[in-house]
1. Is it the case that segment 117-132 has a residue that's loosely packed, with under 11 Cβ neighbours inside 10 Å and closer than 15 Å to residue 51 by Cβ?
2. Please determine, by comparing only the residues of segment 78-90 that are surrounded by 13 or more Cβ atoms within 10 Å (Cβ to Cβ), closer than 17 Å to residue 33 by Cα and in contact (Cβ under 8 Å) with a residue 12 or more places away in the chain, which one is farthest from the chain's Cα centre (by Cα).
3. Surrounded by 13 or more Cβ atoms within 10 Å (Cβ to Cβ) and either over 24 Å from residue 70 (Cα atoms) or at pLDDT below 95 (or both): is that true of residue 93 in this structure?
4. List, please: which pairs have Cβ atoms under 8 Å, are six or more places apart or on different chains, and start with a residue in segment 121-146 that is in contact (Cβ under 8 Å) with a residue 12 or more places away in the chain and end with one that is loosely packed, with under 15 Cβ neighbours inside 10 Å and outside any loop (DSSP other than H, G, I, E, B)?
5. Name the residues in segment 36-51 that are over 16 Å from the mean Cα position of the chain (by Cα) and touching a residue at least 24 places away in the same chain (Cβ under 8 Å), would you?
6. Test residue 82 against the stated conditions and say whether it is at pLDDT below 95, in a loop (DSSP other than H, G, I, E, B) and on the phi < 0 side of the Ramachandran plot.
7. In the set 130, 110, which member is assigned to a helix (DSSP H, G or I) and more than 17 Å from the chain's Cα centre (by Cα)?
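The values are calculated or read from the model by the stated rules, or taken from the named source; none is laboratory data. These figures come from a predicted structure and were not determined experimentally. Positions of Cβ are generated from backbone atoms using ideal geometry, with glycine treated the same way; all protein chains shown enter the neighbour counts.
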(Lines give C-alpha, C1' and ligand atoms only; values in the text may rest on other atoms or scores of the structure.)
Protein backbone atom coordinates (compact mmCIF):
# COMPACT_ATOMS: atom_id res chain seq x y z
CA UNK A 1 0.00 0.00 0.00
CA UNK A 2 1.30 3.44 -0.92
CA UNK A 3 1.85 6.02 1.83
CA UNK A 4 -0.81 8.70 2.27
CA UNK A 5 1.33 11.53 0.90
CA UNK A 6 1.54 9.68 -2.42
CA UNK A 7 -2.17 8.90 -2.68
CA UNK A 8 -3.85 12.01 -1.24
CA UNK A 9 -3.75 15.66 -2.12
CA UNK A 10 -2.88 18.07 0.67
CA UNK A 11 -6.57 19.00 0.86
CA UNK A 12 -7.60 15.35 1.34
CA UNK A 13 -5.28 14.72 4.29
CA UNK A 14 -6.59 14.36 7.82
CA UNK A 15 -5.33 16.76 10.45
CA UNK A 16 -3.08 14.02 11.80
CA UNK A 17 -1.63 13.26 8.37
CA UNK A 18 -1.09 16.96 7.68
CA UNK A 19 0.71 17.54 10.97
CA UNK A 20 2.88 14.45 10.44
CA UNK A 21 4.29 15.97 7.24
CA UNK A 22 6.30 18.44 9.30
CA UNK A 23 9.83 17.05 9.44
CA UNK A 24 10.82 19.08 12.52
CA UNK A 25 13.63 20.97 10.78
CA UNK A 26 12.68 24.32 12.30
CA UNK A 27 13.56 26.28 9.16
CA UNK A 28 10.15 27.92 8.91
CA UNK A 29 10.59 29.20 12.49
CA UNK A 30 13.65 31.24 11.54
CA UNK A 31 13.33 34.94 10.77
CA UNK A 32 13.62 35.68 7.08
CA UNK A 33 14.33 38.99 5.40
CA UNK A 34 12.81 39.91 2.06
CA UNK A 35 14.36 42.41 -0.33
CA UNK A 36 11.44 44.65 -1.24
CA UNK A 37 12.94 45.47 -4.64
CA UNK A 38 13.83 41.97 -5.82
CA UNK A 39 11.64 39.72 -3.65
CA UNK A 40 14.75 37.71 -2.72
CA UNK A 41 14.53 35.92 0.62
CA UNK A 42 17.49 36.02 3.00
CA UNK A 43 17.58 33.34 5.66
CA UNK A 44 18.77 34.07 9.18
CA UNK A 45 19.71 31.99 12.19
CA UNK A 46 17.36 34.03 14.40
CA UNK A 47 14.65 31.83 15.85
CA UNK A 48 11.12 32.84 16.70
CA UNK A 49 10.73 33.73 20.37
CA UNK A 50 8.68 30.52 20.86
CA UNK A 51 11.23 28.29 19.13
CA UNK A 52 13.10 25.73 21.22
CA UNK A 53 16.40 25.46 19.36
CA UNK A 54 17.37 22.17 21.03
CA UNK A 55 14.15 20.38 20.21
CA UNK A 56 13.48 22.24 16.93
CA UNK A 57 9.91 22.71 18.03
CA UNK A 58 7.55 25.50 19.00
CA UNK A 59 7.13 25.79 22.77
CA UNK A 60 3.46 26.76 22.37
CA UNK A 61 2.39 25.32 19.03
CA UNK A 62 -1.31 25.30 19.92
CA UNK A 63 -1.39 29.05 20.69
CA UNK A 64 1.43 30.27 18.42
CA UNK A 65 -0.84 32.27 16.12
CA UNK A 66 -2.24 34.26 19.03
CA UNK A 67 1.16 34.80 20.63
CA UNK A 68 3.25 35.62 17.54
CA UNK A 69 1.60 38.12 15.22
CA UNK A 70 3.61 37.17 12.13
CA UNK A 71 3.43 33.40 12.58
CA UNK A 72 1.99 31.77 9.47
CA UNK A 73 -0.32 28.77 9.67
CA UNK A 74 0.56 26.51 6.77
CA UNK A 75 -2.44 25.42 4.70
CA UNK A 76 -2.82 23.41 1.49
CA UNK A 77 -3.46 26.70 -0.29
CA UNK A 78 -0.57 28.78 1.00
CA UNK A 79 2.18 26.13 0.81
CA UNK A 80 1.82 26.42 -2.96
CA UNK A 81 2.51 30.16 -2.89
CA UNK A 82 4.85 30.87 0.05
CA UNK A 83 8.17 31.64 -1.57
CA UNK A 84 10.10 31.30 1.69
CA UNK A 85 9.27 27.66 2.37
CA UNK A 86 12.54 25.74 2.17
CA UNK A 87 13.05 23.53 -0.86
CA UNK A 88 13.29 20.54 1.49
CA UNK A 89 9.92 21.22 3.17
CA UNK A 90 7.63 18.18 3.00
CA UNK A 91 4.55 20.35 2.48
CA UNK A 92 6.19 21.99 -0.50
CA UNK A 93 7.54 18.70 -1.87
CA UNK A 94 4.14 17.00 -1.72
CA UNK A 95 2.43 20.05 -3.24
CA UNK A 96 4.94 19.87 -6.12
CA UNK A 97 4.32 16.12 -6.61
CA UNK A 98 7.77 15.16 -5.29
CA UNK A 99 8.70 12.48 -2.78
CA UNK A 100 10.03 13.01 0.72
CA UNK A 101 13.74 12.78 1.43
CA UNK A 102 15.26 9.70 3.06
CA UNK A 103 15.80 11.59 6.31
CA UNK A 104 12.12 12.52 6.76
CA UNK A 105 10.70 10.66 9.76
CA UNK A 106 7.85 9.19 7.68
CA UNK A 107 10.51 7.47 5.53
CA UNK A 108 13.24 6.75 8.09
CA UNK A 109 10.99 5.94 11.03
CA UNK A 110 12.93 8.27 13.32
CA UNK A 111 12.44 11.96 14.15
CA UNK A 112 16.22 12.20 14.67
CA UNK A 113 17.29 11.59 11.07
CA UNK A 114 16.44 15.15 10.01
CA UNK A 115 19.00 16.33 12.58
CA UNK A 116 21.53 13.59 11.84
CA UNK A 117 21.41 14.51 8.15
CA UNK A 118 22.17 18.15 9.02
CA UNK A 119 18.86 19.32 7.58
CA UNK A 120 17.53 21.02 10.70
CA UNK A 121 18.28 24.20 12.58
CA UNK A 122 19.39 22.29 15.67
CA UNK A 123 22.74 23.70 16.87
CA UNK A 124 22.52 26.47 14.24
CA UNK A 125 20.36 29.12 15.93
CA UNK A 126 22.46 32.12 16.93
CA UNK A 127 19.79 34.34 18.49
CA UNK A 128 16.13 34.56 19.40
CA UNK A 129 13.83 37.30 18.13
CA UNK A 130 13.33 38.27 21.76
CA UNK A 131 17.08 39.08 21.94
CA UNK A 132 17.05 41.39 18.90
CA UNK A 133 16.42 45.03 19.76
CA UNK A 134 17.11 46.71 16.42
CA UNK A 135 15.92 45.41 13.05
CA UNK A 136 19.38 45.95 11.59
CA UNK A 137 20.73 43.30 13.99
CA UNK A 138 19.08 40.60 11.85
CA UNK A 139 21.68 41.27 9.17
CA UNK A 140 24.36 40.01 11.57
CA UNK A 141 22.66 36.60 11.45
CA UNK A 142 22.00 36.14 7.72
CA UNK A 143 23.06 33.06 5.84
CA UNK A 144 24.60 33.04 2.38
CA UNK A 145 22.32 30.20 1.28
CA UNK A 146 19.10 28.43 2.21
CA UNK A 147 19.75 26.30 5.30
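1. Pass one, segment 117-132, residues loosely packed, with under 11 Cβ neighbours inside 10 Å: 123.
Retained after the next criterion (residues that are closer than 15 Å to residue 51 by Cβ): 123.
Yes: one or more hits.
2. By that ranking, first place goes to 84.
3. Values: surrounded by 13 or more Cβ atoms within 10 Å (Cβ to Cβ): yes; either over 24 Å from residue 70 (Cα atoms) or at pLDDT below 95 (or both): no.
Against the criterion (surrounded by 13 or more Cβ atoms within 10 Å (Cβ to Cβ) and either over 24 Å from residue 70 (Cα atoms) or at pLDDT below 95 (or both)), residue 93 does not qualify.
4. Partner pairs satisfying both residue conditions: 127/137.
5. At the first step, the residues of segment 36-51 found to be over 16 Å from the mean Cα position of the chain (by Cα) are 36-40.
Matches in segment 36-51: 39 only.
6. Working: at pLDDT below 95: yes; in a loop (DSSP other than H, G, I, E, B): yes; on the phi < 0 side of the Ramachandran plot: yes.
The answer is yes for residue 82.
7. Details: 110 fails: assigned to a helix (DSSP H, G or I).
After applying the criteria, what remains is 130.
Listed here are the residues, each with its yes/no results for (1) within 20 Å of residue 113 (Cβ to Cβ); (2) without any contact (Cβ under 8 Å) to a residue 12 or more places away in the chain; (3) touching a helix residue (DSSP H, G or I) at 6+ places or on another chain (Cβ under 8 Å); (4) surrounded by 18 or more Cβ atoms within 10 Å (Cβ to Cβ).
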residue	(1), (2), (3), (4)
4	yes, no, yes, no
16	no, yes, no, no
34	no, no, no, no
67	no, no, no, no
76	no, no, yes, no
